[in-house]
Amino acid sequence: MIGGSLLPLGLRRRRLARRLPPGPLRDFHAVDLPPGGADWRSVEFVALDFETTGSDPRSEDVVSAGWVVVRHGAIELGTAARRLVRPSKPMPERSAVIHAITDDEAARGESLCTVLEDLLGILSGRVLVAHYAAAERGFLEAACRRCFGAGLVLPVVDTLQLARSRFERNGRQLARGDLRLDALRARLGLPDHAMHDALGDALATAELFLAQAEHLAAGEPLPLRALMRGSSRG
C-alpha cells in the first residue's frame, strides 16, 4: 500500500524491508523518509507520470514513464527522464494514437522491471508527486508485485487532491473538467503543455505542484505533512 501518514509509513517500510530478499525493493525501503514536520522546500520530490494502455493496472501495460526531481523548491531539469516500456501485448490502436508511440517504438522499449529498478532508485528517500496519484500508485504497486513479488510503501502528494481541497476551502462548486491538469495550470497562469507524453506531463505536474505549494505556504514554512494531508484521499 502506498500513502498514509509519515510515521506509520516509516514503520511499515522498515518492517517490509526486513521481510524482503536482497534487491532494489528492499534497498528502496531501507532508506529513511523525510520527517513530516520538515518544510516542504527542504524535501526532495519526484514528479512522475505513466502513460498506459488502459486504466486497470491488473490487466493493462505501462508504455512510457516520465519523471523529474524537485529539490529546494525548484525543478532540476537535468534529472528529467522519459523511458519507453515494452508492453506485454500489441499496442491498442487507440493507445498508439493518444501517446504517439508506434508498435515498432514500443517493441524497442525496455523491460518494465529494468525501468522500475531505475525509478525506485530515483524515488528512494523522496516523495512522489502525481496528478490523480491513484493511477500512478496503482501501476507502480502492480509493477513492483510483478517484478519483485511485493508492493511498496511510499509517501505521496497528489496535485489533484490539493486542488480539490482548495476548491472546498473556498466553497466553490466543481464543474466538469475543473480538476484536469491543463485546467488547473491555466487557473494558476501556467502555460499550455503537450498532453499524453509521460515526461511532458511529469514536468507539467511538477510546475503545478510548485505553484500550489508556494500558494499554500504564502511565504511561511509549510510542513510536508500539510501537503500529504491534502492528498490523503487520492
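The values are calculated or read from the model by the stated rules, or taken from the named source; none is laboratory data. Computed from a prediction, not measured in an experiment: that's the story for all the values here. Cβ: placed from backbone, ideal geometry, glycine included. Neighbour counts: every protein chain shown. Only protein heavy atoms, including side chains, enter the accessible area calculation; ligands, DNA and RNA are left aside. Shrake-Rupley method; radii C 1.70, N 1.55, O 1.52, S 1.80 Å.
The set of residues in the range 10-29 being open to solvent by less than 100 Å² (accessible area, probe 1.4 Å) and among the basic types (K, R) consists of R12, R13, R26. On the given criteria, is D32 modelled with pLDDT of 95 or more, part of a loop (DSSP other than H, G, I, E, B) and surrounded by fewer than 17 Cβ atoms within 10 Å (Cβ to Cβ)? Criteria not met by D32. Every test in (1) of a type in the set (D, E, K, R); (2) farther than 23 Å from H215 by Cβ; (3) part of a strand (DSSP E or B) is passed by E60 save one, and that test is (3). Only one of the numbered conditions (1) under 20 Å from the mean Cα position of the chain (by Cα); (2) in contact (Cβ under 8 Å) with a residue 12 or more places away in the chain is violated by R180, and that is (2). Considering the range 194-223, and only residues there that are open to solvent by 40 Å² or more (accessible area, probe 1.4 Å) and among the acidic types (D, E), the residue that is nearest to V63 (Cα to Cα) turns out to be D197. For A133, are the conditions met, namely being surrounded by 22 or more Cβ atoms within 10 Å (Cβ to Cβ) and over 30 Å from R18 (Cβ atoms)? Judged against the criteria, A133 is not a match. Restricting V62, V69 to residues that are aliphatic (A, V, I, L, M), open to solvent by less than 40 Å² (accessible area, probe 1.4 Å) and out of contact with any Leu (no Cβ under 8 Å at 6 or more places or on another chain) narrows the list to V69.
Listed by position, the helices (runs of 4 or more DSSP H) enclosed by the range 142-234 that each have at least 3 residues that are among the small types (G, A, S) and on the phi < 0 side of the Ramachandran plot are 198-217. Among the residues of the range 79-109, the ones that are open to solvent by 60 Å² or more (accessible area, probe 1.4 Å) and over 17 Å from D201 (Cα atoms) come to 12 in all. Restricting L140, L112, L123, L128 to residues that are in contact (Cβ under 8 Å) with a residue 40 or more places away in the chain, touching a Phe, Trp or Tyr at 6+ places or on another chain (Cβ under 9 Å), of a type outside the set (D, E) and over 21 Å from M195 (Cα atoms) narrows the list to L123.
One residue alone among L154, L116, L112 is open to solvent by less than 20 Å² (accessible area, probe 1.4 Å) and at pLDDT 95 or above, and that residue is L116. Among the listed residues G10, G37, identify the single one that is part of a helix (DSSP H, G or I), within 30 Å of L216 (Cβ to Cβ) and over 18 Å from the mean Cα position of the chain (by Cα). G10 is the lone residue from the list that is part of a helix (DSSP H, G or I), within 30 Å of L216 (Cβ to Cβ) and over 18 Å from the mean Cα position of the chain (by Cα). I'd like to check something: does the range 40-50 contain any residue that is in contact (Cβ under 8 Å) with a residue 24 or more places away in the chain, open to solvent by 20 Å² or more (accessible area, probe 1.4 Å), farther than 30 Å from H99 by Cα and among the polar types (S, T, N, Q)? Looking for residues that are in contact (Cβ under 8 Å) with a residue 24 or more places away in the chain, open to solvent by 20 Å² or more (accessible area, probe 1.4 Å), farther than 30 Å from H99 by Cα and among the polar types (S, T, N, Q), one finds at least one in the range 40-50, hence yes.
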